[in-house]
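Asks: Take a look at the following structure, please.
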Amino acid sequence: MREEHGNVAPVMIAKGEDPGDVRTDVPYQLMTILSNLYPWMSDGKKIAVLTRRCDEKALAEIFKRGYFDRARIVQIGLACSKEQIAACRCSDPVPSTVDIGEPHAGVGSDALSEKLMNMSSEERLRFWIYQFRKCNKCFACTANCPVCFCDECVLEERTFVPERGVPPGMSFHLIRAYHLADKCIECGECERSCPAGIPLLTFRKLVAKDFRDMYKFSPGDDKNVSPLLTTLEGEALEGDECNEC
Amino acid sequence: MTEFKPTILAFCCNWCSYAGADLAGVSRLQMPTNVHVVRVMCSASVKPEYVMKAISQGIDGVLVLGCHIGDCHYMTGNHRTAKRIPVVQKILKDVGIDEKRVRLDWVSAAEGEKFQKVITEFVDEVAKLGPNPLREVAF
Amino acid sequence: MPRIGVFICHCGHNIASTVSVEEVAKFAATLPGVVIADHNLYSCSEEGLNSIRKSIEQNKLDRVVVAACTPRTHEPLFRSVCEQAGVNKYLFEFVNIREHCSWIHAKEPSSATEKAKRLVAMGVSKAALLEPQTEGESNVIPAALVIGGGLAGLRATASLAAQGIETHLIEKEPRLGGLLNDITTLAPYSESADTLLQELVDEVRGSKRAHIHLNSKLRGLTGFVGNFKATLDEAGKKKEIEIGAIIVATGANELQPEGEYGYGSVPGVVTQLEFERTLKRGEKPGDTVFIQCVGSRQPGREYCSRICCNTSLKNALKVLEAGGTATIIHRDIMSYGTVWEEMYRKASEKGVRFIRYTLNDIPHVRSHASGTAVDVFDETLGERIHLDANRVVLATPLISQKDSAEVGKLLKVPRDKHGFFLEAHVKLRPVEFATDGVFICGTARWPSSVRETLSQALGAAAKAAIPIKRGKVVIESITAWADPDKCAACGNCVASCPYEAIEILEQDGKRVAKVNETQCKGCGTCVAACPNDAMQQRGFTTRQLSAMIDSLVKHALEESP
């Protein structure tokens, strides 16, 4: 990233160019940008990219789906600062190789998640309705998401999101939560980019915890297939016996 | 005050549950009038999006019924259903909607009585939960 | 705007006595796109079908909704009427207001009527979005598989082979014939069971088309009507065969009593089949007491095994012929029909003694100095009676085969709570399973007599020959397809498909999912796996099903008081 006119924005540096004054201290979803650029970078040359731990996981999800040629990507490991870790309530902040920055331990919990799960369901629903009413369906959350792979989002259509106007109803957020259940790498970009300030990362973390508890699966690992895509072979199911036969 | 009668949507797979529902009918097994069956070929074709949509629009409960595990007409179709629906339930719980509003169960073509039992139990359970809180919420 | 016709069926009183058909029709007429809503006494009758056909033509309908019974039996009929009237059969939608409404809400006519309206509204909203489809065809492998080499399997094999169809008969035992091997004579005319069996075996063995696999079991099955591939275990060797149709003739077994009525402890107590074997060996039966309904028609096994009364009557007459006395202790003599009732009368006249017992006071069997004794409370006389016997025959029911669950799972066909296989419809499709190309006959379905078994076997063979003789089967157009504009090639569908029918291909410079429609079986698993609604199933599109949900919301929540 480089600062220009008081804003920090991603920058692409070609081989042999002087990188100049680059910044690494501002969180940015480079994998989303790389996904958008990748089809145009058809020269087959290698691409180095600044990679936090969450980016590494996003890359794993991207590799798994065959969107990038693994051999072309060179990761420059970036360890996040203490402040950043706190802002992301991140429990897993250290990339496999640290090239830039000092590794810091993750934080164990998300205060809002805990507060929400201690509420009654009525209170929790009231909380989320209040939050989701702020949504103006700008699609910043999907546009900036590194693991949203569709060109056009189904939530833009009225098949499942029947509301004509803004805000969209609950289905918009529920369906997005389901779509991300087995791939969200908790980078927090949706929350950061949401102009309405909806605590979307907390919502992601709640679902991610459930998913982990149920299936012992966390997204961001390119060796394991999502449990939603596998069968039940070898898994015990309760109460599935047919009592009649 | 009149008794609350929930509105329930049920997805039944063509091969087992829909046939089980037919058998319940042929056997004249009586059950509440709240449940509306939509026939699909396999429980695995039930998009979680349908469930989310129905609940968001105020439907009080959604049932997804398929063949017993091992009996799926499409070999492992219902394995996917068994994986997906619990995720739907958890997401609902996370936003404060009772996950009991969505139920996944297995009803074979021979289980007319089980169909009746599942319907009756589910209607009772959802009636106890009261109207879907999203019914009255204007976004 | 589509032109939808809605036809509500009274089904005589079946629907109309609970649901106000007129009211539903009146309501249906107000739904968007509906140009005519009518009702018929029996929509499936000649008259009903004609009136639907006329209405399609007169009103220039392009979508047809029938609200009646279940699509599982009647959809083909109404689809063909649509076709006759020039409407593509995939523009037809069935709404079930009998099995799913009137029959299960018999005491709530007004709620049932309201529910029927909502179901019709949901059907109409789906119908408006239906699209015409063209059906594919697939070739049929001109061969059949018969599972089970007993009476039913032999008869079916002989019949198929005689029609010129290559037929594989698999039998798990080392010999053909099943239960028939143990039987002496057949009621009511005392033909020799051996003769019947020998004739059938000779016919099968003499046919070039019939291929017998002994010591063989079905281990795996893939494919669909016309194109099945079966994996056999033939005496320990794996073998693969390809067939177009399958007949299940796996038979049944006699229930072995577990110590009841002195079985296993009191000498002379045998089951009916064991008794048949002693008769076959030429042993003199002596004084014989038959106890009926041992282990049947009681809690846990409620069904009547149908053949035991007639078998006991037949064997009681044999006992008399051999100079013994015969007593039948029964709960009711089920000698239904003409010839069996005649045999019952004959047995009474010739001196077979009948004693009626109830479940409250069942006969007691014990050892006795001179042999075996039975104490029984005669319900008719109101007295306790003591009987001496050389033999006590326990008429136990036929029960389903132990491995019927395994066969059911391999073939994906249902069984009832007693483990007997379930046909598609008792009256409309008696020897067929709901799965196309798979048929059922004999005692694998329920206990049946030799005559019934033979008729069923011939029926199943005739049914199985239909697709084979036609040479082609029509593939219902319910396959999936991917919209290339929406597909992001994420591969969820590829990973979810149970048939490996989807692959990611490059098309116009873009990677997209492509469904191989000959491999697709129309389960729709990929549809649910697709995050972007790119994957659709014909006849069950996400727009169609979402419209049904919207319709339910509208009619149940928004417009209800």
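Every number here is computed from the coordinates shown, using simple stated rules; none is lab data. Every value quoted in this text rests on a predicted model; they were computed, and no experiment measured them. All Cβ positions, glycine included, derive from the backbone under ideal geometry; neighbour counts span all protein chains shown.
Asks: Reported to two decimal places, what Rg/Rh ratio describes region C:62-194 when computed on Cα atoms with Rh from the Kirkwood expression?
Replies: Across region C:62-194, the Cα-based Rg/Rh ratio is 1.24.
Asks: Residue-wise, which Karplus ³J(HN,Hα) couplings in Hz belong to region A:167-176, taking 6.51 cos²θ - 1.76 cosθ + 1.60, θ = phi - 60°, and x for glycine or proline?
Replies: After applying 6.51 cos²θ - 1.76 cosθ + 1.60, I find x, x, x, 4, 4, 3, 6, 5, 5, 4 Hz.
Asks: Would you mind classifying chain B by shape? Square roots of the alpha carbon gyration tensor eigenvalues, ordered a ≥ b ≥ c; an a/c under 1.5 is rounded, otherwise it is prolate if a/b is larger than b/c and oblate if not.
Replies: The shape class here is oblate.
Asks: Multiplying the sequence separation of A:M119 and A:V22 by 0.36 nm and subtracting their Cα-Cα distance, what value in nm do you get?
Replies: Here the segment from A:M119 to A:V22 would lengthen by 30.5 nm.
Asks: Rounded, prolate or oblate: which fits region C:230-274, taking a ≥ b ≥ c as square roots of the Cα gyration tensor eigenvalues, rounded meaning a/c under 1.5, else prolate when a/b beats b/c?
Replies: prolate
Asks: Still on this structure, I have one more. Have a look at region C:114-257 and give its Rg and Dmax from the Cα atoms, expressed in angstrom.
Replies: When restricted to Cα atoms, region C:114-257 yields Rg and Dmax of 21.5, 64 Å.
Asks: In whole Å, how far is the Cα centre of region A:108-146 from that of region C:336-412?
Replies: Each part reduced to its Cα centre gives a spacing of 71 Å.
Asks: Evaluate the charge dipole of region A:111-224 about its Cα centre and quote only its size in Debye, nearest 20, assuming +1 on the Cβ of each Lys and Arg and -1 on the Cβ of each Asp and Glu.
Replies: 320 debye
Asks: Next question. Starting with the fewest neighbours, write out C:D233, C:D375 ranked by other beta-carbon atoms found within 10 Å of each beta-carbon.
Replies: Details: C:D233 17, C:D375 12.
Lowest count first: C:D375, C:D233.
Asks: Only bridges whose two residues both fall in region B:1-86 count here: according to DSSP, what percent of them are antiparallel, nearest 5? Numbers along the way, then the final one.
Replies: Values: 0 of 11 bridges.
Roughly 0 percent of the DSSP beta bridges within region B:1-86 come out antiparallel.
Asks: Is the shape of region A:111-224 best called rounded, prolate or oblate, per the rule: a/c under 1.5 gives rounded, else a/b larger than b/c gives prolate, else oblate, with a ≥ b ≥ c the square roots of the Cα gyration tensor eigenvalues?
Replies: oblate
Asks: Another question, if that's okay. Quick one: if the Förster radius is 56 Å, what FRET efficiency do A:D221 and C:K229 give, using the C-beta to C-beta distance and rounding to 0.05?
Replies: With a Förster radius of 56 Å, E is 0.90.
Asks: Sticking with this structure for a sec: Would you report the distance distribution of C-alpha pairs in region C:504-561 as whole percents per 10 angstrom bin, up to the bin with the largest distance?
Replies: 19, 36, 25, 12, 6, 1
Asks: Taking the Cα centre of chain C as the origin, how large is its charge dipole in debye, to the nearest 20, when only Lys and Arg (+1) and Asp and Glu (-1) carry charge on their Cβ atoms?
Replies: Using Cβ point charges on Lys, Arg, Asp and Glu, chain C gives about 440 debye.
Asks: Once phi is turned into θ = phi - 60°, what whole-Hz ³J(HN,Hα) does the Karplus curve with 6.51, -1.76 and 1.60 give for every residue of region C:209-224, x standing for Gly and Pro?
Replies: 7, 8, 10, 8, 10, 8, 6, 10, 10, 7, 10, x, 8, 10, x, 8
Asks: Which ³J(HN,Hα) values in Hz, rounded to whole numbers, follow from the phi angles of region A:77-87 under the Karplus curve 6.51 cos²θ - 1.76 cosθ + 1.60, where θ = phi - 60° and Gly and Pro get x?
Replies: 3J(HN,Hα) across region A:77-87, in whole Hz: x, 10, 8, 6, 6, 4, 4, 5, 4, 5, 5.
Asks: What does the charge dipole of region C:256-396 about its Cα centre add up to, to the nearest 20 debye, if the Cβ of each Lys and Arg holds +1 and the Cβ of each Asp and Glu holds -1?
Replies: Values: 18 positive and 18 negative charges, 85 e Å.
The calculation lands at about 400 debye.
Asks: How much mean residue ellipticity at 222 nm does chain C get from its helices, if each DSSP H run of length 4 or more adds -39500 (n - 2.57) and you divide by all residues, to the nearest 500 deg cm²/dmol?
Replies: Details: 15 runs with 170 residues, N = 561.
Calculated from helices alone, the mean residue ellipticity at 222 nm is -9500 deg cm²/dmol.
Asks: Using only alpha carbon positions, build the gyration tensor of chain A, then give the equivalent ellipsoid semi-axes as the square roots of 5 times its eigenvalues, largest first, whole angstrom. Don't skip to the end; give the middle numbers.
Replies: Values: eigenvalues 206, 106, 79 Å².
Semi-axes (√(5λ), whole Å): 32, 23, 20.
Asks: Taking a cut-off of 35 Å, what percent of all Cα-Cα pairs in chain C are separated by more than that?
Replies: The proportion of pairs with Cα distances above 35 Å equals 53 percent.
Asks: Name the residues whose placed amide hydrogens come within less than 5 Å of the amide hydrogen of C:E166, ignoring near sequence neighbours (fewer than 5 apart) on the same chain.
Replies: Answer set, sorted by chain and number: C:A144.
Asks: OK, next. On average, how many beta carbons from a partner chain sit within 10 Å of the beta carbon of a residue in B:3-9?
Replies: Details: counts 0, 0, 3, 1, 7, 2, 6.
Taking the mean over all residues of the peptide, I get 3.
Asks: Express in whole angstrom the spacing between the alpha-carbon centres of region C:499-561 and region A:40-86.
Replies: 33 Å
Asks: Give the long-range amide H neighbours of C:H39: residues separated by 5 or more places, or on another chain, with amide H under 5 Å away, using H modelled in the peptide plane at 1.01 Å from N.
Replies: C:I8
Asks: Something else now. Dividing the alpha-carbon Rg of region C:291-350 by 2.2 N^0.38 Å yields what?
Replies: Here the Cα radius of gyration is 1.16 times the empirical estimate.
Asks: Could you tell me the convex hull volume per residue, in Å³, taken over the Cα atoms of region C:480-537?
Replies: 63 Å³
Asks: Check A:L50: other-chain or 5+ apart residues with amide H under 5 Å from its amide H, H built from backbone geometry?
Replies: Distant-sequence amide H within range of A:L50: A:I76.
Asks: Given the C-alpha centroids of region A:179-195 and region C:55-114, what is the distance between them in whole angstrom?
Replies: 46 Å
Asks: Let me ask something additional. Could you work out the Kirkwood radius for the protein assembly as shown, taking every pair of different alpha carbons, averaging 1/r and inverting it, reported in Å?
Replies: Values: mean 1/r = 0.0315 Å⁻¹.
One over the average 1/r among Cα pairs gives 31.8 Å for the protein assembly as shown.
Asks: If you look at just the Cα atoms of region C:397-527, how large are its Rg and its Dmax in Å?
Replies: Spelled out, the Cα radius of gyration and Dmax of region C:397-527 are 20.4, 67 Å.
Asks: Take each of the peptides B:96-106, C:517-527, C:171-181, A:180-190, average the number of other beta-carbon atoms within 10 Å over its residues, and list them starting from the highest. Before the final figure, lay out the partial values.
Replies: Working: B:96-106: 21.5, C:517-527: 23.9, C:171-181: 18.2, A:180-190: 25.8.
Ranked by mean Cβ neighbours within 10 Å, highest first: A:180-190, C:517-527, B:96-106, C:171-181.
Asks: Based on DSSP H runs of at least 4 residues, each adding -39500 (n - 2.57), what is the mean residue ellipticity at 222 nm of chain A after dividing by all its residues, to the nearest 500 deg cm²/dmol? Intermediate values should be presented prior to the final figure.
Replies: Values: 9 runs with 83 residues, N = 245.
Here the helix-only value at 222 nm equals -9500 deg cm²/dmol.
Asks: With r as the distance between the Cβ atoms of C:E137 and C:E57 and R0 = 30 Å, compute the FRET efficiency 1/(1 + (r/R0)^6) and round to 0.05. If you can, show how the numbers build up before the last one.
Replies: Working: r = 28 Å, r/R0 = 0.94.
My answer for the efficiency is 0.60.
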